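The values are calculated or read from the model by the stated rules, or taken from the named source; none is laboratory data. As the structure is a computational prediction, the values presented were derived from the model and not from experiment. When we count neighbours, we look across all protein chains shown, and the Cβ atoms used for this are built from the backbone with ideal geometry, even at glycine. Calculation scope for accessible area: heavy atoms of the full protein, side chains included, ligands and nucleic acids excluded. Shrake-Rupley method; radii C 1.70, N 1.55, O 1.52, S 1.80 Å.
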Amino acid sequence: MKRGAAAVETGNLRLDKSSTLPLESSRRSAPDTPTMPRAATSNPEVAHQDCDLTVAAIRSKSNTLNSQLNRVGTGTFGGYAMANGAAKPKPVPQMILEALGLRNQAQSHEPTSKDIGTLIMLGVMFLLFVIGVTGFFVMWFTEFYNNTMLENLILAENSETARDWLNPDPKFDTLLKAHIFHYPNIDDYLAGRADKIKVVDVGPLTYQEHTVKDEVSFNNNFTVTFRDRKSYKFLPEKSSVGEDEVLMVPNVPLISAAGHVKRMAYGDRLLAGFFIKQYKEPLFKNLTASDFLWGYEDKIIKLKSLGMGKRRFGLLMNRNGTSVDSVQLNTGEDDIRKFSIITQFNGMPQLDYWDGDECNRIDGSEPSMFSPNLLQNRSIINVFLQVLCRKVPLHFEKEVTILNNIDAIRYKTPMNVFAKPEFNPANACYCKNTEMCFESGVINATKCYGDSPIFPSFPHFFTGNKTYYDLFDGIKPVAELHQTYADIHPRFGFPIGGASRVQINIMLDKTPLLENKAERIANATILPLIWIEITAGDFGEDVLHTLFMTTYGLDAIQLALKYGTLLISVTSFSLIIAGVYFLNSRREEQLQESKSSAELEALNSGIVVVQHVNMPVSV
């Protein structure tokens, strides 16, 4: 700038000594601004004031002009910039930034690649957070996972589960172990040469028991009706004696016939008694183990009035082949909690063997499978046992580890399950419809066995009154050997271990038909016949692997899902917080930059004196 000149800048206006005409014109156009004679400018202070007034006036007019220029053809409406009356939409990232509270940033600057990347990350993290929280709630506070696994148990028609149940693989066969009570000194006792009856527990005779379902009918009420068809294979390597072992055992057809003949009409009683006496059947007789268990031809059974057309008798003969009893149970399709509950036995919803609805009510599970829902709360499990014609409760005892560290839940029969009503009031209805209620330890099942005097108990009269075995030498009840228990898979509810143990006894009723054959034996003496034990078979490596996977594999998946959803929830939430913090920091930075730019723009929009020189008086 030349000496003696004053230069003043505006946005589009520049003044120097050659622009005195516009300056004078500007001064003349302001009627409120007083003019001074030129001679008065010879005072430097006055000239300085005059210059400041001129700057202020020009700045005011410049701001007014810029404001008018900015408003011509522009406007805002509803968040859109208006130009020439038309709406111009904002970019989507900018609108998202505004929605996140970054309005100033969005208005002043276009979103950067970091901003867009952060927004994408926030969207993905929010989606993961929703998925994680939903999964966390489902896995931690619902039974969705367990119920999904349990759907594989449902016995739906034509399902793979139903096919395996109807005709299971032999590798899952159970073992039947039979123990026969041998009476080696019975002749000496009856002759008075022995003080006690000696009994020997002979066995086990072990059989592989294969069970398929016969006469199957799937019903419309979510039940299935069937009969068990069993077959047996003797396993000598797992047996202590052979099937051809000769044993002295009670003559069951004779002892049973005594009670039947006593209840006959007078004429029939005389006729049946006459034929039986002609046979001269002994009270105890020698039989092979196979004949005693699986059947032999008997003269008394051949009598039409006693055998009903049968020719053979064997204690386990009715187990071999198709069962005479039909069972209907719930498939679990409508409610998994009802799974395997027996709803009918021989076509009847209730039994008619006992007194009262409580004892005749079936409402027990089929022994080979249980509803897993009952196991979760360690509730009492009722098992319906056909050999007893009644349900038997199982109580939770403890959690155990079996079969190469596989977890199971152990249930046992309570000690008072066969106790007298005075010790277990629930058993009152099992005594009221019988001729006599015995001491604790046995149950009167005569009606269940067609009026044959059968009195089941636990093996060796376990939990029974000592009066039952004071007469015998060789009865030694032991809990570990004679109590019934079941080790049940905690997730799927099927037994993977344990033993179902029942002893079959017969009562000696000294009718005239027998009184001459059992003079030293007291009336109503309970004679032990056999006891049987049903256990799981010897599982192969593939079965053990399957059990391992169903125990640990599914548990590991469940834990992974539970803690995985928790980790996803926490991680995604943390990243959302970090992303919002990052955008907020960016907003603060942009606001600071916008503030600085606004101040600079405000300065650039006004009159800025670049250089001020005191003009000489001559100017």
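Below is a table of values for the structure above.
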| read-out | value |
| --- | --- |
| Label point distance in nm, Glu599-Ala428, each placed 7 Å from Cα along Cα→Cβ | 9.7 |
| Amide N of the range 197-237 lying under 19 Å from the label point, which is placed 7 angstrom from the Cα of Ala156 along Cα→Cβ | 217-225 |
| Full-stretch length increase - Val138, Val387 - with 0.36 nm per residue and alpha-carbon distance subtracted | 85.3 nm |
| Contour excess over end-to-end distance, with Cα ends at Glu588 and Thr401 and 0.36 nm allotted per residue | 61.1 nm |
| Net charge, His482 excluded, C-beta distance under 14 Å - Lys, Arg +1, Asp, Glu -1 | +1 |
| Residues whose placed amide H lies under 5 Å from that of Ile506, excluding near-sequence neighbours | Phe455, Leu527, Leu529 |
| Whichever aspartates and glutamates have a C-alpha closer than 18 Å to that of Lys299, once near sequence neighbours (fewer than 8 apart) are set aside | Asp268, Glu281, Asp291 |
| Counted charge near Ile409, where neighbours are those whose Cβ lies closer than 15 Å (Asp, Glu -1; Lys, Arg +1) | 0 |
| Mean Cβ count within 10 Å, highest first, over the residues of peptides 386-397, 146-157 | 386-397, 146-157 |
| Distant-in-sequence amide H partners of Arg390 (H built 1.01 Å from N, under 5 Å) | Leu385 |
| In Å², nearest 10: area of Glu245 left accessible to a 1.4 Å probe | 80 |
| Around Glu333: net Lys/Arg minus Asp/Glu count, Cβ-Cβ under 11 Å | -3 |
| Two-site label geometry, Lys562 and Asp164: point separation in nm, points 7 Å out along Cα→Cβ | 2.5 |
| Mean-position separation - Cα centroids, the range 263-282 and the range 402-433, in angstrom | 41 |
| For Tyr266, solvent-accessible area (1.4 Å; no DNA, RNA or ligand), Å² | 150 |
| Inter-site label distance for Thr467 and Asn147 at 7 Å from Cα along Cβ, in nm | 5.4 |
| Built amide H within the under 5 Å cut-off of Ile496, gap 5+ | Asp487, Ile488, His489 |
| Lysine pair number, Cα distance threshold 23 Å (strictly under), the range 117-237, separation 8 or more or different chains | 9 |
